[in-house]
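One structure is given below, encoded as C-alpha cells.
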Amino acid sequence: MYLPKSPSAEAATVTNGPAAVPLGHGKLGLRGVVVQVGVTDGRAHGVPAAELERRLLEMGFVEGARVEILHEGIIGHDPIAVRLDDMRVALRRREADAILVLPDGPGR
Amino acid sequence: MSAALDLRPAADTEAGSLRVALVGTPNCGKTALFNALTGARQKVANYPGVTVERKEGPATTPGGRRLHVLDLPGTYSLRARSPDEAVTRDVVLGRLGGESSPDVLICVADSTNLRLVLRLLLELKAVGRPMVLALNMFDIATRQGWAIDLDRLSGELGLPVVTTVAVRRRGMDKLLEQVDILAATSPNGEQVWREPNAAELRHAHREADRILKACVKQPTLPDTWTGKLDGVLLHPVGGMVILLAILFLMFQAVFSWAVPAMDLISAAFDGLANLVKANMPAGVIQGLISDGVIAGVGSVLVFLPQIMILFFFIILLEDFGYMARAAFLMDKIMGGAGLHGRAFIPLLSSFACAIPGVMATRVIDSKYDRLATIMVAPLMTCSARIPVYTLIIAAFVPRETVYGFLNLQGLVMFGLYAAGVVSALLIAFVLRRFIWRGAVEPFIMELPAYKLPDARNVLTNVLLRAKIFLGRAGSIILPLMIVVWFLSNFPGAPAGATQPAIDYSLAGIIGHAIAPVLAPIGFNWQIAVALIPGMAAREVAVGALATVYAVSASADDVATPLGTLLAQQWSLATALSLLAWYIFAPQCLSTLGVVKRETNSWKWPIIMFVYMMALAYAASFATYHVAVALGGG
C-alpha cells in the first residue's frame with residue numbers, strides 16, 4: 001500500500017523544476033498541479049493549521065489535483081474562483097496560500 | 001454508542017417501519033430526491049436540543065415496507081463544522097436524542113461530480129450501516145457524455161448502485177427496491193468511524209481517484225454552460241451589476257406582486273371579523289375573537305405572500321446554483337464587516353422576516369461568525385416595518401419628484417432600507433473587530449454547476465416555507481396576540497369615560513408610565529401606548545395607533561384616515577423620530593424568541609434587546625433634535 005510521504009518531502013522533489021507558487025499568490029489564468037497542501041508560512045487562520053489542511057483536502061485540494069484560477073473578486077482580486085479537476089471552488093486568497101501549485105510550463 | 005442500543009431497531013418501535021437517511025454532499029439534488037420519495041407528506045420539526053430542521057417523510061417500498069425517510073443537511077465529511085453538519089454526523093452515528101442510527105443509508109451523488117462524494121462514501125462505510133449509492137442527475141451525466149460503469153462501481157465500492165433522476169421521479173422504485181433488499185439481507189457492520197486525519201484523507205482521495213479512473217470516463221461534451229455563465233455572472237464589474245439587478249427585481253416583486261394577495265387576505269380577515277361582530281353578542285368573547293384573534297393573526301398572515309415571493313426567489317436562485325456565486329461576489333464586502341460570505345443568504349432572508357433569516361444562519365460554520373450574523377439580522381428591514389413606514393411616509397413626506405425622476409417618498413423608503421443595511425454592517429464590524437476578535441473563518445465553497453430549476457421542486461419548497469411560517473404564526477404569534485389584546489382591553493373604560501378605552505387599560509397605564517422616558521425623543525403618550533402591543537410584532541403598532549386615536553380599525557382603509565390625523569397631530573420631527581426608532585428597535589418578541597432557541601441561551605436575546613433598544617433611543621433622540629433644530633418641531 002502506498003503510504004503518503006510527508007508533504008514537504010514531496011514538494012522538495014518537484015520544486016527542482018519551475019518554482020511552485022502559493023495558489024493565493026497566483027494571477028488570473030494560472031494553471032498547474034497541486035504539489036502541497038498545508039499551512040507552511042505560519043500565518044494565523046480562523047481555524048488551526050491542521051484543521052484548514054483537512055478542510056482543503058475534503059474540498060478536493062489534494063496533491064496531484066489540477067487547478068486553474070478562473071475568476072477573482074473586484075476588491076483586492078479576492079476571493080478567487082478556481083477550477084479544481086472537474087469542479088469549481090471559491091476561496092479566499094488567504095486560505096489559498098496554504099496550497100502550493102506547480103505552474104504548467106510554457107510547453108504544456 | 002453502545003452496540004446494545006444499536007441493535008434495537010426502530011422497526012420494532014414504529015410498527016415495522018424502517019428509518020432511512022439521505023446523506024450526500026451539498027448540491028447533489030438530495031432534497032429533490034427526498035421530495036420525489038416522500039411527495040408532499042413531509043414533516044418539518046426541530047431536532048431536540050439543537051435547532052436544525054428535521055425533514056422527515058414516509059415512503060413505501062415495492063415490497064410493502066414502510067419507510068421513514070430523513071433528509072440530512074449536505075456535508076463533505078462526517079467531521080462536522082457547522083450545526084447543520086453536526087446533525088448529519090450525529091444522526092448517522094446514532095448519537096442524537098436517543099435515536100439509534102438509521103437502518104439504511106442512501107448516499108446521494110451528483111453523477112456529474114463524483115470525486116468528493118466517493119471520498120465521503122468511503123468514510124460512511126466505516127459507520128457500518130447497509131448503504132446504497134443513488135447516482136442522481138443521471139440524465140444530465142448521460143447528456144454530457146459521462147460513461148459510468150455501474151457494475152464495476154458497485155463492485156469496487158461493495159454497495160448496490162442505482163441511477164436516479166429525482167426531478168423526473170425516475171429510478172425511485174429501483175432505489176426503494178434496493179432498500180428492501182438491504183433491509184432484508186444486509187447485517188449491520190461494526191461502527192468504527194472516527195475523525196480522519198490529513199494522511200487518511202489523502203489516502204481516501206487516492207482511493208476515490210482510483211475508483212473514479214477505473215469506473216468513470218470523462219465526457220466528450222463537458223458542461224460548457226457553467227463556464228460561459230460564470231464568465232458573465234462572476235465578472236468583477238458585470239457580476240456585481242447583475243447581482244444588484246437581481247436584488248432590485250426581487251424587492252420590486254416582493255413589494256408589488258404581493259399587493260393583490262395581501263389585500264385579499266386583509267379583506268378576508270376584516271370580513272371574518274365583521275361576520276363575528278354581526279353574529280355574536282357583543283361582549284368580551286366577541287372582542288377577543290374578532291379584535292384579538294382574527295385581527296391579530298390576520299395582521300401577521302398578511303405577510304405570507306411577501307414571504308412566499310421572497311422564498312420563491314431564494315429557492316429558485318439556490319437551485320439554479322446562483323446563491324454560491326452571490327456569496328462569492330459579496331464575500332469581500334461582508335468580510336470587510338467581519339462577516340462570512342455565507343451570511344449573505346440569512347441577511348437577505350431577513351428582508352422578509354428576521355425569523356427565517358436567523359434560522360438560515362445554521363449553514364455558517366464558525367460560532368462567532370454565526371452569532372454576529374444573528375445579532376445583526378433584525379436590523380435588516382423586515383416586511384413588518386413596511387406598514388409603519390408607509391403610514392408615516394404617506395402622512396409626512398410630500399409626494400414629489402426630485403432631480404427630475406426620483407419619487408421623494410420612494411427615496412425616503414430606500415433611505416430607511418439603506419440605514420438598516422449600513423447599521424447592520426457597522427454593528428457586525430464592531431462585534432468582530434472589538435469583541436470577537438481573530439481571523440475570520442475560512443471561506444471555501446463549492447460553486448456548483450448551473451442547473452435549470454425544477455418547477456415542482458421549487459413549488460414544494462416554497463410551500464414548505466409557507467407551512468413553517470404558518471405553524472409559527474399559530475404557535476407563537478396567536479398567544480402573543482391574545483396577551484396583547486388582553487393588555488389593551490383590561491381593565492375596561494369606566495362609565496362616562498372621555499378617552500378611548502385603551503387609555504384605561506393595562507397597555508394604556510404602561511404607556512403613560514413610560515411616556516416621560518420617551519418624551520425626549522419626541523414621542524407622545526399615544527405612541528408610547530401603541531409601542532406596547534407593537535412589541536408583539538412591529539406592524540401591530542399601526543392598528544394600535546388607530547385604536548388610540550379612536551379611529552375605527554375595521555374601516556376599509558386604515559392608513560388614509562389615520563395618516564391624515566397623524567399629519568395634523570404630530571410634528572415632522574416626531575414622525576422622523578418614530579421612523580428612526582423603527583429602524584433599530586427590537587419590536588418583535590418572536591425574533592427574540594427564535595434567537596433564544598437558536599443560541600440556546602437567554603444571554604443573546606437579552607443582549608440583542610438591550611443594544612437595539614439603546615441604538616433606537618440614540619437614533620431617535622438625534623433625529624428628533626436635529627429635526628427640531630432645523631425647524632421641523
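Restricting the search to region B:201-222, which residues are in contact with a helix residue (DSSP H, G or I) (Cβ under 9 Å, 6 or more places away or on another chain) and within 12 Å of chain A (Cβ to nearest Cβ)?
Across region B:201-222, the qualifying residues are B:L201, B:R202, B:A204, B:H205, B:E207, B:A208, B:D209, B:R210, B:L212, B:V216, B:P219, B:P222.
Taking B:P453, is it under 25 Å from B:A352 (Cβ atoms), in a loop (DSSP other than H, G, I, E, B) and within 14 Å of chain A (Cβ to nearest Cβ)?
When the stated conditions are applied, B:P453 does not pass them.
Name, by its number, the condition in (1) in contact with a Leu (Cβ under 7 Å, 6 or more places away or on another chain); (2) within 29 Å of B:P533 (Cα to Cα) that does not hold for B:I242.
All conditions pass for B:I242, except number (2).
Has region A:40-53 got any residue that is assigned to a loop (DSSP other than H, G, I, E, B), within 14 Å of the chain's Cα centre (by Cα) and at pLDDT below 95?
yes
Just to be sure before I move on: is B:K596 closer than 21 Å to B:L478 by Cβ and modelled with pLDDT under 95 in the structure I sent?
yes
Which of (1) under 28 Å from B:R210 (Cβ atoms); (2) within 7 Å of chain B (Cβ to nearest Cβ) is the odd one out, the single condition A:R66 does not satisfy?
(2)
Take B:G189 and decide whether it is part of a loop (DSSP other than H, G, I, E, B) and exposed (fewer than 14 other Cβ atoms within 10 Å of the Cβ).
Spelling it out, B:G189 is indeed part of a loop (DSSP other than H, G, I, E, B) and exposed (fewer than 14 other Cβ atoms within 10 Å of the Cβ).
Among the listed residues B:A183, B:A198, which satisfies the condition of being within 14 Å of chain A (Cβ to nearest Cβ) and surrounded by 16 or more Cβ atoms within 10 Å (Cβ to Cβ)?
On the way: B:A183 fails: within 14 Å of chain A (Cβ to nearest Cβ).
The match here is B:A198.
Can you find even one residue in region B:605-615 that is touching a helix residue (DSSP H, G or I) at 6+ places or on another chain (Cβ under 6 Å) and either within 23 Å of B:L391 (Cα to Cα) or β-branched (V, I, T) (or both)?
Yes, that holds for at least one residue.
Is there a residue being within 9 Å of chain A (Cβ to nearest Cβ) and basic (K, R) anywhere in region B:223-230?
no
Answer yes if at least one residue in region B:103-123 is assigned to a helix (DSSP H, G or I), among the aliphatic types (A, V, I, L, M) and more than 26 Å from A:A65 (Cα to Cα), and no otherwise.
At the first step, the residues of region B:103-123 found to be assigned to a helix (DSSP H, G or I) are B:115-123.
Then drop every residue that is not among the aliphatic types (A, V, I, L, M), which leaves B:116-118, B:120-122.
Next cut, more than 26 Å from A:A65 (Cα to Cα) only: none.
For region B:103-123, residues assigned to a helix (DSSP H, G or I), among the aliphatic types (A, V, I, L, M) and more than 26 Å from A:A65 (Cα to Cα): absent.
Within region B:231-278, track down each residue that is without any contact (Cβ under 8 Å) to a residue 40 or more places away in the chain, surrounded by 17 or more Cβ atoms within 10 Å (Cβ to Cβ) and within 14 Å of chain A (Cβ to nearest Cβ).
Result: B:I242, single match.
Can you tell me which residues in region B:510-529 are buried (at least 23 other Cβ atoms within 10 Å of the Cβ) and either closer than 14 Å to B:A575 by Cα or touching a Pro at 6+ places or on another chain (Cβ under 8 Å) (or both)? Lay out the reasoning, then the answer.
Restricting attention to region B:510-529, the residues satisfying the condition of being buried (at least 23 other Cβ atoms within 10 Å of the Cβ) are B:511, B:521-523, B:527, B:529.
Once the filter is applied, which keeps residues that are buried (at least 23 other Cβ atoms within 10 Å of the Cβ) and either closer than 14 Å to B:A575 by Cα or touching a Pro at 6+ places or on another chain (Cβ under 8 Å) (or both), region B:510-529 yields B:I521, B:G522, B:F523, B:I527.
Going through region B:88-129 one residue at a time, which ones are more than 14 Å from chain A (Cβ to nearest Cβ), more than 14 Å from B:W193 (Cβ to Cβ) and surrounded by fewer than 24 Cβ atoms within 10 Å (Cβ to Cβ)?
Listed by number, the residues that qualify are B:L96, B:G97, B:G98, B:E99, B:S100, B:D103, B:V104.
Those residues that are of a type in the set (A, V, I, L, M, F, W, C) and either surrounded by fewer than 16 Cβ atoms within 10 Å (Cβ to Cβ) or without any contact (Cβ under 8 Å) to a residue 24 or more places away in the chain (or both), I need them from region A:50-69; list them, please.
Let us first name the residues in region A:50-69 that are of a type in the set (A, V, I, L, M, F, W, C), namely A:50, A:52, A:56-57, A:59, A:61-62, A:65, A:67, A:69.
Those that are of a type in the set (A, V, I, L, M, F, W, C) and either surrounded by fewer than 16 Cβ atoms within 10 Å (Cβ to Cβ) or without any contact (Cβ under 8 Å) to a residue 24 or more places away in the chain (or both): A:A50, A:L57.
Which of the residues that make up region B:429-450 are in contact (Cβ under 8 Å) with a residue 12 or more places away in the chain, within 22 Å of A:A96 (Cβ to Cβ) and outside any loop (DSSP other than H, G, I, E, B)?
B:R432, B:M445, B:E446
Quick check on A:V35: is it more than 12 Å from chain B (Cβ to nearest Cβ), surrounded by 16 or more Cβ atoms within 10 Å (Cβ to Cβ) and touching a helix residue (DSSP H, G or I) at 6+ places or on another chain (Cβ under 6 Å)?
For A:V35, the condition - more than 12 Å from chain B (Cβ to nearest Cβ), surrounded by 16 or more Cβ atoms within 10 Å (Cβ to Cβ) and touching a helix residue (DSSP H, G or I) at 6+ places or on another chain (Cβ under 6 Å) - is met.
For A:A20, indicate whether it is aliphatic (A, V, I, L, M), within 14 Å of the chain's Cα centre (by Cα) and at pLDDT 85 or above.
The answer is yes for A:A20.
So, in region B:344-381, exactly how many residues are within 28 Å of B:R79 (Cβ to Cβ), among the β-branched types (V, I, T) and crowded, with 24+ Cβ neighbours inside 10 Å?
5
If B:E446 passes every condition in (1) in contact with a strand residue (DSSP E or B) (Cβ under 9 Å, 6 or more places away or on another chain); (2) on the phi > 0 side of the Ramachandran plot but one, which one does it miss?
Among (1) in contact with a strand residue (DSSP E or B) (Cβ under 9 Å, 6 or more places away or on another chain); (2) on the phi > 0 side of the Ramachandran plot, B:E446 violates only (2).
What number of residues in region B:584-609 are outside any loop (DSSP other than H, G, I, E, B), hydrophobic (A, V, I, L, M, F, W, C) and within 17 Å of B:A352 (Cα to Cα)?
Number of matching residues: 5.
Among the helices (runs of 4 or more DSSP H) lying completely within region B:196-288, list those that include at least 2 residues that are outside the structural domain of B:V127 (by TED's automatic domain parsing).
Qualifying helices (runs of 4 or more DSSP H): B:224-233, B:238-252, B:258-279, B:284-287.
How many residues, within region A:86-98, are assigned to a loop (DSSP other than H, G, I, E, B), facing chain B (nearest Cβ under 8 Å) and crowded, with 20+ Cβ neighbours inside 10 Å? Outline the logic, then answer.
Residues of region A:86-98 assigned to a loop (DSSP other than H, G, I, E, B): A:86, A:92, A:97-98.
Within this subset, residues satisfying the condition of being facing chain B (nearest Cβ under 8 Å) are A:86, A:92.
From what's left, crowded, with 20+ Cβ neighbours inside 10 Å: A:92.
Within region A:86-98, residues that are assigned to a loop (DSSP other than H, G, I, E, B), facing chain B (nearest Cβ under 8 Å) and crowded, with 20+ Cβ neighbours inside 10 Å number 1.
The values are calculated or read from the model by the stated rules, or taken from the named source; none is laboratory data. This is a predicted model, so every value here is computed, not measured. Positions of Cβ are generated from backbone atoms using ideal geometry, with glycine treated the same way; all protein chains shown enter the neighbour counts.
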